[in-house]
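**Student:** Please see the structure below; I have some questions.
Bear in mind these aren't lab numbers, they're just calculated from the coordinates by the rules spelled out. Remember, predicted model here, so these are calculated numbers, not experimental data. Ideal geometry is used to build each Cβ from the backbone, glycine not excepted, and the neighbour counts take in all protein chains shown.
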Amino acid sequence: MKSSLALLAALGLLPMALAQTPPSHTPPSPATMAQHQVQRYTTLLSLTPAQVEQATTFFTTEATAHQNSRASERTAHQAMEAAIKANDTATIQSTATTLGQMEGEMLAAHALARAQLYAILTADQKTKFGELEQEHMMGGPGFGRPMR
């Protein structure tokens with residue numbers, strides 16, 4: 001009976017122990033992120049090898065900017081949570097402004113990479129790009145990024 005209770009208690013604590021284990025997921029590198037994005041554009045638009053090389057540069061720059069902002073964004077979210085718990089309205093307002101600016105910078109970096117890609121497309125690829133964008137398959141307006 002005692003061993004059954006001990007086993008039951010141990011099993012009851014297992015979910016709590018697992019919940020406290022930090023995730024072992026390592027985010028992909030900017031180069032890997034860019035590679036995935038370029039592969040997607042290559043599939044959708046039939047990019048040439050020269051276009052792939054250029055697009056890789058555009059999207060690596062974007063992914064690097066995104067990765068560099070992650071730590072700052074995480075810190076700002078933590079500050080926001082602390083300000084909410086403290087009912088610190090001034091910090092809430094300034095942190096919200098900072099987070100909005102960060103999001104704007106990331107949207108600009110994404111738009112710049114897409115504009116650079118668009119500039120190197122052929123007329124047929126541009127037509128296809130427009131069609132896919134209308135179907136929300138190109139990561140354009142209305143295709144939001146994850147916040148964290």
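**Student:** Placing +1 on the Cβ of each Lys and Arg and -1 on the Cβ of each Asp and Glu in the range 27-104, which of H36, Q93, S69 has its Cα farthest towards the positive end of the resulting dipole?
**Tutor:** The residue sitting most towards the positive pole is H36.
**Student:** Let me ask something else about it. How many angstrom lie between the Cα centre of the range 49-83 and the Cα centre of the range 100-138?
**Tutor:** 16 Å
**Student:** Counting only Cα atoms, I'd like the Rg/Rh figure for the range 30-148, Kirkwood definition for Rh.
**Tutor:** Details: Rg = 17.4 Å, Rh = 15.8 Å.
Reported Rg/Rh, Kirkwood definition of Rh: 1.10.
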